[in-house]
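Worksheet for the structure shown next.
The values are calculated or read from the model by the stated rules, or taken from the named source; none is laboratory data. Here the structure is a predicted model, which means the values were calculated and not measured. Cβ atoms come from the backbone with ideal geometry, glycine included; neighbour counts cover every protein chain shown. When the accessible area is computed, the model is the full protein with side chains, heavy atoms only, and any ligands, DNA or RNA have been set aside. Shrake-Rupley method; radii C 1.70, N 1.55, O 1.52, S 1.80 Å.
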Amino acid sequence: MAELIKVTIDGKEIRVPYDTPLIEACRQAGARVPTLCYNENIRAYGVCRICMVEANEGRRTRLVASCAYPVRREITVQTNTDRLRRNRAMLINLQLARCPDEKVLHELAAEFGVKEAHPRLTRDHEDCILCGLCVRTCAEVVGASAIAFEGRGSQRRVVSPFDDENPACIACGACAFVCPTQCIKFFDENGKRHVERWHRVADMLVCEKCGNYWLPDAVAQTYARKMGLDPASFAVCTNCR
Amino acid sequence: MPFDPQKVDAMLARYGGDKSALIQLLQDMQAEYRYLPREALEYLGEKLNVPLATIYHVATFYKAFSLQAKGRHCLSVCMGTACHVRGAPMILDTAARELDLAPDTTAKDGSFTLETVNCLGSCALGPLVVVDGEYHGHMNNAKIRKDVAAMKKQEGK
């Protein structure tokens, strides 16, 4: 068995395997670490910085993004100090200036005592916080890589290539599922699935038994290929099986 | 210029079809077409086995790449800090007036592009403009007019 490393979180001692993400260790110890861009099934990206904790590995205390920080030696962590709360408040402030209407941000703002975005910041009315979860899910989990970041700096946004329909998109809706602000929406209508943000309109399969449309064709094909299933096994919907 | 798969194949052969050469390939393509045609990017993605979204991400990230056709002649005015304090805004104004073009646009007939760049890393030469890839330093209004006139002459205007 791999060696276990001692981690002290808010005074509570636990042992975790080498390379465990610090955020997972914190959660195991029962600490609440807020985050916007982390999902345990996707490689850490460390971009929202809200999961910052104070970490001490013996010499000095530093702020680290706990999602992207692997535990490799004994470490002492604080997850809710004044310094952290101030830093998180500042980050939420900036996010609020970009997206003043997002529920997740308002919840975090309430938690960290941010009333509204700083008056000196100009407000955009974006719904996307650029956490990149959709892009990473599409590439890492779905394997389609149908969407990507465009541009950089203040011009950065998530789009399908050329802001046009991309046949590589299988219309699975995984991007909508992981999005923390729920700004990606899809609906099924007349045998087509529409993912509006990516301009995607995909054909759906009809269930042989009940005759309802139930799954985008491309999803069935992708899963049949990935899992070595017979495409015919998608002929009947999950309700009729 | 129409998109020609054979030309892209020749570029690909130069790098042995290696996907890590994506940026070099895009640079070659930009040099060939003066922009990155959509069909060419789609073709490149197929050949390199790189998702189109990834290529699009790279192509839109760097200012050296353009998805819109650039003019046959290109004038880039450096607006970096050093050039700015030495009068780059005035140079840009003059160039815009002489070319009758707004900054960061291309003439409708595809003749000229006037663009701004944020720093070319040759601050000692400021104010700096790049005329069709050639660096012209220590610019003033007289010199920029001369450069624009030379470009117009090449275009037969």
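What tally of residues in the range A:176-205 results from selecting those that are closer than 19 Å to A:E150 by Cα and either hydrophobic (A, V, I, L, M, F, W, C) or not assigned by TED's automatic domain parsing to the domain that holds A:S160 (or both)?
Matching residues across the range A:176-205 total 6.
Take A:V33 and tell me if it is in contact with a Leu (Cβ under 9 Å, 6 or more places away or on another chain), open to solvent by less than 20 Å² (accessible area, probe 1.4 Å) and β-branched (V, I, T).
On the way: in contact with a Leu (Cβ under 9 Å, 6 or more places away or on another chain): yes; open to solvent by less than 20 Å² (accessible area, probe 1.4 Å): yes; β-branched (V, I, T): yes.
So A:V33 fits the description; yes.
Taking only pairs six or more apart or across chains, which ones have beta-carbon atoms under 8 Å, a first residue in the range A:206-233 that is under 20 Å from A:C138 (Cα atoms), and a second residue that is open to solvent by 60 Å² or more (accessible area, probe 1.4 Å) and not polar (S, T, N, Q)?
What qualifies is A:P216/A:D203; A:D217/A:D203; A:A218/A:D203; A:A220/A:P231; A:Q221/A:P231; A:Y223/A:L229; A:A224/A:D230; A:A224/A:P231.
Filter the range A:160-179 for residues that are open to solvent by 30 Å² or more (accessible area, probe 1.4 Å) and either in contact with a helix residue (DSSP H, G or I) (Cβ under 8 Å, 6 or more places away or on another chain) or over 25 Å from B:E42 (Cβ atoms) (or both) and give the result.
A:F162, A:E165, A:A168, A:C172, A:F177
Within the range A:36-62, can you find the residues that are open to solvent by less than 10 Å² (accessible area, probe 1.4 Å) and part of a strand (DSSP E or B)?
Correct list: A:V53, A:A55.
Would you mind finding the one in A:L94, A:L84 that is open to solvent by 70 Å² or more (accessible area, probe 1.4 Å), without any contact (Cβ under 8 Å) to a residue 40 or more places away in the chain and part of a helix (DSSP H, G or I)? I'd like the intermediate steps shown before the answer.
Working: A:L84 fails: open to solvent by 70 Å² or more (accessible area, probe 1.4 Å).
The unique qualifying residue is A:L94.
So, of the residues in the range A:149-176 that are in a helix (DSSP H, G or I) and within 14 Å of A:V135 (Cβ to Cβ), which turns out to be farthest from the other protein chains (Cβ to nearest Cβ)?
Here is the first cut: in the range A:149-176, the ones in a helix (DSSP H, G or I) are A:153-155, A:161-163, A:174-176.
From what's left, within 14 Å of A:V135 (Cβ to Cβ): A:161, A:174-176.
Working: A:P161: 4, A:A174: 14, A:C175: 12, A:A176: 17 Å.
Ranking the qualifying residues of the range A:149-176, first place goes to A:A176.
Quick one: in the range A:97-129, which of the residues that are part of a loop (DSSP other than H, G, I, E, B) and open to solvent by less than 30 Å² (accessible area, probe 1.4 Å) is nearest to A:I50 (Cα to Cα)? Steps first, please.
The first filter runs over the range A:97-129 and keeps only residues part of a loop (DSSP other than H, G, I, E, B), leaving A:99-102, A:112-129.
With open to solvent by less than 30 Å² (accessible area, probe 1.4 Å) added as a condition, the list becomes A:99-100, A:102, A:112, A:114, A:117, A:128-129.
Details: A:C99: 16, A:P100: 17, A:E102: 16, A:F112: 11, A:V114: 14, A:A117: 16, A:C128: 16, A:I129: 13 Å.
Among them, the one singled out is A:F112.
Go through the range B:128-157 and give me each residue that's closer than 13 Å to B:S111 by Cβ, assigned to a loop (DSSP other than H, G, I, E, B) and in contact (Cβ under 8 Å) with a residue 24 or more places away in the chain. First the steps, then the outcome.
Here is the first cut: in the range B:128-157, the ones closer than 13 Å to B:S111 by Cβ are B:132, B:148, B:151-157.
Next, only the ones that are assigned to a loop (DSSP other than H, G, I, E, B) stay: B:132, B:155-157.
B:D132, B:E155, B:K157, listed by residue number.
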